[in-house]
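The values are calculated or read from the model by the stated rules, or taken from the named source; none is laboratory data. If you're wondering where the values come from, they're calculated on a predicted model, not measured in any experiment. Positions of Cβ are generated from backbone atoms using ideal geometry, with glycine treated the same way; all protein chains shown enter the neighbour counts. Surface accessibility is based on the protein's heavy atoms, side chains included, excluding ligands, DNA and RNA. Shrake-Rupley method; radii C 1.70, N 1.55, O 1.52, S 1.80 Å.
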Amino acid sequence: MAARTRTYAVVGLALVAAVTAGCSGTGSGSGSGSTTSPAGSSSGGGGQNNAAPTESNPPGDIPDNQAFVAYRPSGGSFTGFTVKVPEGWARTGQGGTTVFTDKLNTVKITAVSAAGAPTTGSVTSKVIPQLRSQVPKFAAPKVSEVTRHAGRVVLLTYQGDSAKDPVTGKVVRDAFERYAFHRAGHEVDLTLSGPVKADNVDPWRIVSDSFAWR
């Protein structure tokens, strides 16, 4: 009976030792795993270092506090309209075209004589082929009719590459909105452009809604 008791005791001690060793192995594995950096952490091989820094105003975004002023042409082929443009932007002009630019954004205003009002069909058949030959990598044209405060207008949206920056040589992929306003033999084409990923929906709406005949 004593021998049998000693046998049970030996077996019991062996089981305790085995369980203790197993727990010790598990704890060691968890410890090494906890030192592994999660994906994207700065200690995990530069995940964050490779990411582009987040900017408060992404390139091409027009600031929320941008002021707008009324532009009334004083010369050119037609002066019977007014439109708001961003205050402080550089202005250039030639003939019936006036351009306002700031960094990566542009407001282009062109006045021409036109007996008939533009239609989605005429813009598709005439304007798009012209732009395709003028705008580098012209793509994704879409023609529609929209309503602005001046009435119904024909809107052409498309994409294209910007001119190469003379200093950096950088080319930006631009998104364009071209509004064709028409009244009494006069057409005014208002083209708004900026980087594709810029969020300029509100500023461009202010400009296009501000157009008025006078």
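Structure notes:
- With a threshold of 19 Å on the Cα-Cα distance, the over-threshold entries among Lys84/Lys197; Lys103/Lys137; Lys137/Lys164; Lys103/Lys164 are Lys84/Lys197; Lys103/Lys137.
- Less than 5 angstrom separates the built amide H of Ala114 from those of His186, Glu187, all sequence-distant by 5 or more or on a different chain.
- Computed from phi, the 3J(HN,Hα) profile of the range 203-209 under the Karplus parametrisation 6.51, -1.76, 1.60 (θ = phi - 60°) reads x, 5, 5, 4, 5, 5, 6 Hz, with x in place of Gly and Pro.
- Using the Cβ-Cβ distance between Thr82 and Thr168 with R0 = 45 Å, the FRET efficiency computed as 1/(1 + (r/R0)^6) comes to roughly 0.80.
- Using the Cβ-Cβ distance between Ser133 and Arg183 with R0 set to 25 Å, the FRET efficiency from 1/(1 + (r/R0)^6) comes to roughly 0.30.
- Solvent-accessible surface of the range 87-152, averaged per residue with a 1.4 angstrom probe and all protein chains in place: 63 square angstrom.
- Glu145 sits with roughly 100 Å² accessible to a 1.4 Å probe, with DNA, RNA and ligands left out of the calculation.
- Treating each Cα of the range 123-211 as an identical point scatterer and summing with the Debye formula, the log10 of I(q)/I(0) at q = 0.13 Å⁻¹ comes to -0.47.
- Of all accessible heavy-atom area on the range 115-214, the percent that carbon and sulfur account for (1.4 Å): 53
- Two-site label geometry, Ala117 and Arg72: point separation in nm, points 7 Å out along Cα→Cβ: 2.6
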